[in-house]
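Following: one structure in structure tokens, then a few remarks.
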Amino acid sequence: MLTIICYYEDGKSVVTSFNGTKQEAQEYYVGQAFNLGSGGREDFQLCVRVEML
């Protein structure tokens with residue numbers, strides 16, 4: 001299992017786990033929009049880069 005940082009177009013980043021290779025993580029996250037909102041507020045952001053920890 002990898003620990004990765006996903007970087008988003010608005011400058012936010014999220015640390016998460018991914019069960020796969022770095023290449024698979026990049027294919028899954030980069031170019032996809034994810035909801036980074038909280039408290040019932042939606043905030044969809046495009047993932048622009050993935051980095052392994």
If amide H atoms are built 1.01 Å from N in the plane of the peptide, which residues on other chains or at least 5 residues away come under 5 Å of the amide H of Gly20?
-> Leu2
Restricting to Cα pairs under 8 Å and 6 or more apart, the percent relative contact order of the chain works out to 44 percent
Along the charge dipole of the chain, Cβ charges K/R +1 and D/E -1, which of Tyr7, Met52, Phe34 sits furthest on the positive end?
-> Met52
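To the nearest 0.05, how large is the calculated FRET efficiency for Ser38 and Glu9 if R₀ is 22 Å and r is the Cβ-Cβ distance?
Computed FRET efficiency for Ser38 and Glu9: 0.80.
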In deg cm²/dmol and to the nearest 500, what is the mean residue ellipticity at 222 nm of the chain if only DSSP H runs of at least 4 residues count, each as -39500 (n - 2.57), divided by the residue total?
-> -4000 deg cm²/dmol
HN-Hα J couplings of segment 24-37 from phi, Karplus 6.51/-1.76/1.60, θ = phi - 60°, integer Hz, Gly and Pro as x?
-> 5, 5, 4, 5, 6, 8, 5, x, 9, 8, 10, 7, 9, x
Counting only residues 5 or more apart in sequence or on a different chain, those whose built amide H sits under 5 Å from that of Leu36 are Asp43, Phe44, Gln45
Phi-based couplings in Hz for segment 9-21 (Karplus 6.51, -1.76, 1.60; Gly and Pro marked x) | 4, 8, x, 6, 9, 9, 8, 8, 9, 9, 9, x, 8
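Just so you know, all these numbers are worked out from the coordinates, no wet-lab data involved. For clarity, every value in this text was computed on a predicted model and none was experimentally measured. Please note: Cβ atoms are built from the backbone with ideal geometry, for glycine as well, and neighbour counts cover all protein chains shown.
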